[in-house]
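The block underneath contains the structure these notes are about, expressed in structure tokens.
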Amino acid sequence: GVMPIGLLNQQQTHKKRGFTCDTTTGKNGTCGNWSWGAMILPFIEQGPMYDLLKPGDNLLPELVTGTTNKTRAEMQKTVAVFRCPTDIGEIRNSVTYRQVKDDGDVNRGLAMSNYVGVNGSNVPRQRDGDPNDAALPGNNGMFQYNASIRFAEVTDGLSNTLMLGERAFEIQLGDGTIVQSGASVIYGARGVSGTENDGVATPLGGGSRHINCPEGDNHCRRTFSSLHQGGSQFVMGDGAVVFLSENIDANVGNLSPIPNAVRDVDSVYERLLGRDDGQVVGNF
């Protein structure tokens with residue numbers, strides 16, 4: 001598909017993969033930050049939009065400020081490549097924890113995306129590092145906050161490591177309960193303040209819950225889900241698209257409470273989400 005090819009081409013051009021973030025204009029840590037979705041626009045046939053936004057030169061809060069704003073209006077339109085056809089969520093993401101702050105500290109909703117980068121085996125974290133480091137737990141995936149991850153750093157191998165996953169706007173549990181998972185947005189994220197890292201968890205996801213989140217708690221907005229029957233689609237580091245069953249071996253019950261969030265990487269799902277755990281993945 002266009003998205004995996006675009007991600008690979010972007011990496012070949014810039015030699016890195018990461019969650020690009022501006023942390024200097026703060027609004028108490030809740031300002032808007034650019035994310036990977038803005039950076040790959042030229043590589044998925046969205047060059048004119050990239051030229052309009054100029055994310056390398058402009059700050060996201062400035063571009064979405066104002067009562068009438070033509071640029072923000074463009075950023076609120078659907079881009080088909082960022083949407084899963086099975087998802088019936090909104091065009092513009094109105095969920096508060098997915099909106100970005102403008103220069104006036106006003107929440108602004110942007111176009112919805114169903115695709116999130118893999119932050120790793122842990123709950124989304126601001127720190128690249130070992131999820132099982134008791135002193136300072138981090139995350140071990142291909143997308144990191146304010147960091148550039150080269151393909152050479154994916155020491156488990158690109159064909160053994162997940163790069164991108166799906167997140168639905170809402171999911172239905174087995175008992176019929178509807179749970180909001182909030183999907184994502186294309187261009188950026190809320191800031192990174194707060195122990196639960198909701199800003200980081202907008203463009204990125206982690207392994208704190210099973211696929212399709214049968215647990216039904218607020219971690220559903222930080223992990224991976226879809227409206228596909230029985231599982232969800234992922235993109236591997238080499239660009240291959242795979243469907244993972246919601247019943248994949250996933251020891252997600254070993255997550256310690258946020259903010260410490262220490263976890264062992266000891267299941268197939270967790271090993272796929274991490275890029276450098278050094279373990280044999282197993283069958284999936």
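The values are calculated or read from the model by the stated rules, or taken from the named source; none is laboratory data. Since the model is a prediction, treat every value here as computed from it, not as a measurement. Heads up, the Cβs are rebuilt from the backbone with ideal geometry, glycines too, and the neighbour counts pull from every protein chain shown.
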Only residues that are over 16 Å from residue 208 (Cα atoms) and either without any contact (Cβ under 8 Å) to a residue 24 or more places away in the chain or aliphatic (A, V, I, L, M) (or both): list them for the range 105-126, please. 106, 107, 110, 111, 112
When (1) more than 30 Å from residue 250 (Cα to Cα); (2) assigned to a strand (DSSP E or B); (3) not polar (S, T, N, Q) are applied to residue 61, the one that fails is (2)
Might you let me know whether the range 120-133 holds any residue that is under 19 Å from residue 250 (Cα atoms) and β-branched (Val, Ile, Thr)? yes
State whether one or more residues within the range 108-127 are crowded, with 16+ Cβ neighbours inside 10 Å, closer than 22 Å to residue 47 by Cα, of a type in the set (Phe, Trp, Tyr) and under 17 Å from the mean Cα position of the chain (by Cα). yes
If I filter the range 97-104 for residues that are free of Cβ contacts under 8 Å to residues at least 24 places away in the same chain and more than 17 Å from residue 224 (Cβ to Cβ), do I get at least one hit? no
Scan the range 153-160 and give yes if some residue there is of a type in the set (Val, Ile, Thr), surrounded by fewer than 21 Cβ atoms within 10 Å (Cβ to Cβ), modelled with pLDDT under 95 and over 14 Å from residue 113 (Cα atoms), otherwise no. no
Subset of the range 223-241 that is in contact (Cβ under 8 Å) with a residue 40 or more places away in the chain and not in a loop (DSSP other than H, G, I, E, B) - its residue that is surrounded by the most Cβ atoms within 10 Å (Cβ to Cβ): 232
Go through (1) closer than 22 Å to residue 190 by Cα; (2) in contact with a Lys or Arg (Cβ under 8 Å, 6 or more places away or on another chain); (3) among the basic types (Lys, Arg) one by one and return the number of the condition residue 150 breaks. (1)
Can residue 194 be described as modelled with pLDDT under 90, small (Gly, Ala, Ser) and farther than 18 Å from residue 141 by Cα? yes
Unique residue being on the phi > 0 side of the Ramachandran plot and either among the aliphatic types (A, V, I, L, M) or modelled with pLDDT under 90 (or both) when the list is 122, 146: 146
Members of the range 66-95 found to be touching a residue at least 12 places away in the same chain (Cβ under 8 Å), more than 13 Å from residue 113 (Cβ to Cβ) and not hydrophobic (A, V, I, L, M, F, W, C), listed by number: 66, 71, 72, 74, 86, 94
Can you confirm whether the range 131-152 contains a residue that is in contact with a Phe, Trp or Tyr (Cβ under 8 Å, 6 or more places away or on another chain) and under 30 Å from residue 68 (Cα atoms)? no
Search result, residues across the range 33-65 that are surrounded by fewer than 16 Cβ atoms within 10 Å (Cβ to Cβ) and either within 15 Å of residue 113 (Cβ to Cβ) or of a type in the set (Gly, Ala, Ser) (or both): 47, 56
For residue 220, indicate whether it is over 30 Å from residue 42 (Cβ atoms), at pLDDT 90 or above, in a loop (DSSP other than H, G, I, E, B) and not small (Gly, Ala, Ser). no
